[in-house]
Every structure is written in structure tokens, then in C-alpha cells.
There are 2 protein chains.
Amino acid sequence: MTIMDKLVTASEALFDRHGFTATGMDKLTQGAGISSRTLYKHAGSKNALIARVLNERDKRFARRLEVESIDALFKALEDWVRVEGARGCLFLRALGETGGDTPEIVDAVLAHKVRVAERIAALVEHETGRDDAMLVEQIIVLFEGATAAAIYRGEQAVAAARQAAATLLAGAHS
Amino acid sequence: MTIMDKLVTASEALFDRHGFTATGMDKLTQGAGISSRTLYKHAGSKNALIARVLNERDKRFARRLEVESIDALFKALEDWVRVEGARGCLFLRALGETGGDTPEIVDAVLAHKVRVAERIAALVEHETGRDDAMLVEQIIVLFEGATAAAIYRGEQAVAAARQAAATLLAGAHS
DNA sequence: GACGATGTAAAATGAACGTTTTACATTGGT
DNA sequence: ACCAATGTAAAACGTTCATTTTACATCGTC
């Protein structure tokens, strides 16, 4: 496990549990078990570290979404919530905390959202045989809503989203 | 306009645009046009001010949701997004920034979420004549998802949620 | 066995944080 | 006219922030 891996892993957990601004550099160095000099030599700055954490999370999340149906997509989200907990979309949280004033963070967030949207669009087209923009938007909303609502309603929110997606999909014949 | 009104109004705008932690007390006093001494005499502390801002926002939001159908509920959300912009649910953002470590904030957030959920449950029962817990959960997810997705997809996310809700509702006969 | 790279430990930087305090101005009620 | 209340302005509080620097240890490699 490289220094960067330790740093990103520890930072992601701390950011997720306590927020980005509320997590100071001392917590990050302490969490990763490295000195602040090493942190800055590797990460450059706190904002750069945040962006890197988000990009790594995007990769890990995308790997989980390598499925072949909308239903499996929501099943994957259920697994994610069960394993990683439900504290809301870390990307949108980063955006909210920084007010969209940090370009490297904005870029990471938008790239992630575009990737998820494209994944959903591909699955919808694969299942319906059509390019149904409205249905894609509906699935995106359900996916985002399940992530957010799971914070305070738990896994049942994801289960409800999954069933809603199935219903909407069943109504869209090819 | 009382001092408290000025303070809460200015604070809500600043918190919403720049985040809670990133907004310092100097910005808040300057935004409200009052001294820090007056702010502390009225609000007590920053966390108490945040809780008050959330409670006031909950009231204002609830007033907007005084409608008689699920469709009108999403229409109201469309109006809200058009007027107030889409930077995500301020309640969940507050929860995320504080990591759930501030009881007064947690209370304000949960109270808000319970209130919205009850509103949705009442409307669903009014329209279907039944107590359909799954359908209620689905509408909650759509509502939450529209709020979150609107950040990066704009009003079309709310429109999609609205139509999805109509479809799901049509499938639930009384 | 010396060397450059790479790490740690710890102190220093200067600014910003939330909060309190001191000193003073304004004002409305009796 | 006066007093208590309520406001402002501004400095001071001690802490914490992100970042840099200084000094020193450890290492694999030639």
C-alpha cells in the first residue's frame, strides 16, 4: 500500500464522516500515519487532495456500477449503502461545502455525474431499445434520490427507488 | 424588519451559497449589517444560528407545499427551484458538514424531513384512498432526487420527477 | 561507505476562526 | 431630564487553520 493509497483512503473516510472543511490537515496526516511534509509533497494542497479523493471514489463507484440492467444498478446501490453507509453523495457534498468556487473540485464532481448519467442512459437504451431521454432523466432522479433519502430513511429508500425504476421501465415498451 | 429577520435572511443566503463552515461570523455580521455583539446577544452561537436558519427555512418551505395533489407538490418544487435556485437540500448539507455531531442541527433536519414525509403521505392517501407505504417512499425518493439532481441537471430533473410521480400514481388504483 | 531520495518530527508562519469584552452612542419610557 | 435597554465599533481572546521550513533519520544504490 503506497503512501498515496493510505492518504486517499484515510482522507475519504474522514471527509465522508466529518465533512471536508471540518476535517483539518492534522486529522488527515494522523489518519494516514504520515507527516504533513509528506502529505504536501504528494498531494500538493488540501483542495488537490479533495479532488483526488473524489476522482478515486468515482473510479471505485464506477466499478460497482458495471452491471447489465437498471435493476442491477439499484441492487449495486443497495450493496454500496450497506457496505459504505449512507451519508449522501460525497461529490455533491464537496460542491456544497465549497460553493462551487474550487475548479478542480467542480471538475471532479461534474465528471462523476456525467459518467453516472451516461451509464444510466446506456442501460436504458439497452433495455428499452430506444433513446428515451425522459426515462433516463427519471432514473437519474431516482438514483440521486435514493442516495440522498437513504441518509435518513435507510435502505428502504433504495428499495423503493429500485421498484419505481422497474415500474417506469415496464411502462416503456420497445 | 427586525434584527433577527435581517440576520436569518442574510445568513440563509450566505450558508446556501458558500456553505456553513466556510461562512465566517464576520460575513454574517456584515451581511446582516449588525455588530458581532448584537449577533451573539440574539443568536447565542453559530450553531444556534444555523439551527434557527434551518427552522425558518422549514417554515417557508412548508408554506410552499400547502397544495392538494402530488402533481402540485412537484409544481411547487419547480417554482422553488426557479425562484431560489438549486444548490441541494440545505438541511442535508448542514448535516453533512457537521457530521451529525451537533444535536440542535440534527433535530432541525430530522424535524424537517419528517414534516415533508408526512405531507407526502397525506397527499398520497388523499389521492389513492389507500395507505400505500411503498408509493409514499417512492414519492419521497423522487422529491429528494429532484432537489439533488437539479443542482447539475437543472429544472428538467424536477419535471422528470413530476412525470414519474404521475406515472407511479396512475398505477396505484384506489 | 558515501550519496541522493524520501521519510519523520516539530516548530514557525500568518491568517482566520468563534467568541468575549471594553468603551461609547442612541433611544424610548416614566 | 434621566435611566435602562439596545445598539455599534473595535480590539482582544485563545484556538485552529493550511502551509512552509528546519533539522534529522533511514534507506536502497552505485
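The values are calculated or read from the model by the stated rules, or taken from the named source; none is laboratory data. Every value quoted in this text rests on a predicted model; they were computed, and no experiment measured them. Virtual Cβ from ideal backbone geometry, glycine too; neighbours counted across all protein chains shown. Keep in mind that these areas ignore ligands, DNA and RNA; they rest on the heavy atoms of the full protein, side chains included. Shrake-Rupley method; radii C 1.70, N 1.55, O 1.52, S 1.80 Å.
Each residue of the range A:26-43 was assigned a 3J(HN,Hα) from its phi angle through the Karplus curve 6.51 cos²θ - 1.76 cosθ + 1.60 (θ = phi - 60°); the sequence is 5, 5, 6, 5, 5, x, 8, x, 10, 7, 5, 4, 5, 4, 6, 5, 8, 9 Hz, with glycine and proline shown as x. On a per residue basis, the protein assembly as shown carries 44 Å² of accessible surface, using protein heavy atoms and a 1.4 Å probe. When chain B is treated as a GNM with alpha-carbon contacts under 10 Å, the residue of B:R57, B:R153, B:R93 showing the greatest mean-square fluctuation is B:R153.
Against the empirical 2.2 N^0.38 Å (N residues), the range A:45-84 has a Cα radius of gyration ratio of 1.42. Relative to the longest principal axis of the Cα atoms of chain B, helix B:103-128 runs at roughly 20 degrees. Bridging of B:K27 to lysines at a Cα separation below 28 Å is possible for A:K27, A:K46, B:K6, B:K41, B:K46, B:K59, once same-chain residues fewer than 8 apart are set aside.
Hey, what number do you get for chain A at 222 nm if only DSSP H runs of n ≥ 4 count, each worth -39500 (n - 2.57), divided across all residues, to the nearest 500? Walk me through the intermediate numbers first.
Details: 9 runs with 138 residues, N = 174.
Computed mean residue ellipticity for chain A: -26000 deg cm²/dmol.
When the Kirkwood hydrodynamic radius is evaluated over all pairs of different C-alpha atoms of the range B:1-44, what value in angstrom, to one decimal, is obtained? Mind showing how you got there, number by number?
Numbers: mean 1/r = 0.0982 Å⁻¹.
About 10.2 Å for the range B:1-44.
Rg to Rh for the range B:1-87: what is it, with Cα atoms only and Rh by Kirkwood? Don't skip to the answer; put the middle values down first.
Working: Rg = 14.7 Å, Rh = 14.0 Å.
Looking at the range B:1-87, the ratio lands at 1.05.
Our compactness index for the range B:55-170, the C-alpha radius of gyration over the empirical 2.2 N^0.38 Å, is 1.05.
From the P(r) of the protein assembly as shown, could you give the percentage of C-alpha pairs in the tail past 32 Å?
Details: 19736 of 60378 pairs.
Taking all Cα-Cα pairs of the protein assembly as shown, the fraction more than 32 Å apart is 33 percent.
Placing +1 on the Cβ of every Lys and Arg and -1 on the Cβ of every Asp and Glu, with nothing else charged, gives the protein assembly as shown a dipole about its Cα centre of roughly 1300 debye. Between copies, the label points of A:K6, set 7 Å from Cα on the Cα→Cβ line, lie 5.3 nm apart, reported in increasing order to one decimal in nanometres.
Enter the buried accessible area of the A/B pair, total of both sides, probe 1.4 Å, in Å² rounded to the nearest 100. Present the calculation step by step, with values, prior to reporting the outcome.
Working: alone 9200 and 9190 Å², together 15440 Å².
Roughly 2900 Å².
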